[in-house]
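What follows is a set of notes on a single structure, which appears directly below.
The values are calculated or read from the model by the stated rules, or taken from the named source; none is laboratory data. Only a predicted model underlies this, so the values are computations on that prediction, with no experimental measurement involved. For neighbour counting, all protein chains shown are included, and Cβ atoms are generated from backbone atoms with ideal geometry for every residue, glycine included.
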Amino acid sequence: MCATRVLIVEDSATMRARLRAVLDSDPDIDVVGEAADGKQAIALCQQIRPDVITMDMMLPVMSGLAATEYIMAHCPTPILIVSASVNRGELFKTYEALSAGAVDVMDKPRGDESDRKWERDFLATVALVARIRVITHPRGRLDRSDSPAALKTRSTPTIPIGRGPFEMVAIGASTGGPGAIVEVLRGLPSSFMIPVIVVLHIGASFGAAFADWLDGQTSRRVDYAVDGQPMSDAVGRVIMAPPDHHLEIRGARLYLTNGPERHFCRPSVDVLFESVATEYGPNAAACLLTGMGRDGAAGLAAVRHNGGLTIAQDEETSVVYGMPREAVLLGAVEHILALEKIGPALSTLTDARQSPARS
């Protein structure tokens, strides 16, 4: 078996040496290049075509975000963000890079007793990310005359509903999720008042400001859920599970729990979807987007079993066709749609008569 070829992009010589030392400890990994800025990263990516890139965000000459956008538009390569970003502005750049096609993100080592576990996680994540079939992201190719709308199929899919009223939409996503969620939410019209509840798998250290970032990407308000919050607060809004907390709905209220991980995940899509199936039955719609693993498949099946509408992202537009595939295999999916068609499809739910939000 050929070794995984890695390009390290990091401006600190000390950190580059540290990353190389960890990667060199694995006989199945071969470090084929190092870059100290984003411009060098692009040149080396085009020259040596690595299997995976570890990318810092804060780089001289050209930022990690700009390099990621260019690479994913012109020479798509699996990118693992390795960043020590902690302030709001740097976190936003990380979310932008994930939206532009970077596969995953993890912290840099802290220089303490946690480093041994970090090294194991780093090697495992590099190997995992290298196996992902990434897709071309057009954002880096756009000029001022282009618009994202021009890149989409202009036809709006119509779902034959035949039931309702729909009182809520639940969305679950993991790897590739930031960009996918933005795409879906931008496909909803401003008149769409059905509450949207979202679970995204993202590390606690990087997820702190994600709802704030997402709030700036669409026309609708986005907030993290508050324990005991009534669903009536979510009308016309997007409510997200905060990092490291399960989110479920009981008695028309949102509740946060610290229960055991499901499929190694907290928050878990299954936890949300199963509560949605119980609470709303045929008055719910649930959508499972790109992601690794199987979280959300059983929950989507529960929604369908209870009469709700279920949608899964298709393989072609998924960064990782793991979670949607598991749902399809379970028979949990009514509609398999390309990413750009999911938002417009959900917008047709308002064609059904809507009842007032539950009190």
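When A97, A66 are checked against the criterion of being closer than 17 Å to K39 by Cα, touching a Leu at 6+ places or on another chain (Cβ under 6 Å) and modelled with pLDDT of 90 or more, a single residue qualifies: A97.
When you scan region 193-228, how many residues do you find that are aromatic (F, W, Y), touching a residue at least 60 places away in the same chain (Cβ under 8 Å) and either assigned to a loop (DSSP other than H, G, I, E, B) or under 24 Å from V276 (Cα atoms) (or both)?
Residues meeting the conditions: 1.
Checking each residue in region 60-96 for being within 20 Å of V319 (Cα to Cα) and basic (K, R) picks out only K93. So, D28, is that one farther than 18 Å from R131 by Cα and either of a type outside the set (D, E) or outside the structural domain of G291 (by TED's automatic domain parsing) (or both) or not? No, not satisfied. Summed over region 293-315, the residues that are surrounded by fewer than 24 Cβ atoms within 10 Å (Cβ to Cβ), touching a residue at least 24 places away in the same chain (Cβ under 8 Å) and either hydrophobic (A, V, I, L, M, F, W, C) or out of contact with any His (no Cβ under 9 Å at 6 or more places or on another chain) (or both) give a count of 8. Of all residues in region 246-261, those satisfying the criterion of being in contact with a strand residue (DSSP E or B) (Cβ under 8 Å, 6 or more places away or on another chain) and surrounded by fewer than 21 Cβ atoms within 10 Å (Cβ to Cβ) are A252, R253, Y255, L256, T257, N258, G259. Just to be sure, is L91 under 19 Å from the mean Cα position of the chain (by Cα) and not assigned by TED's automatic domain parsing to the domain that holds G216? Yes, satisfied.
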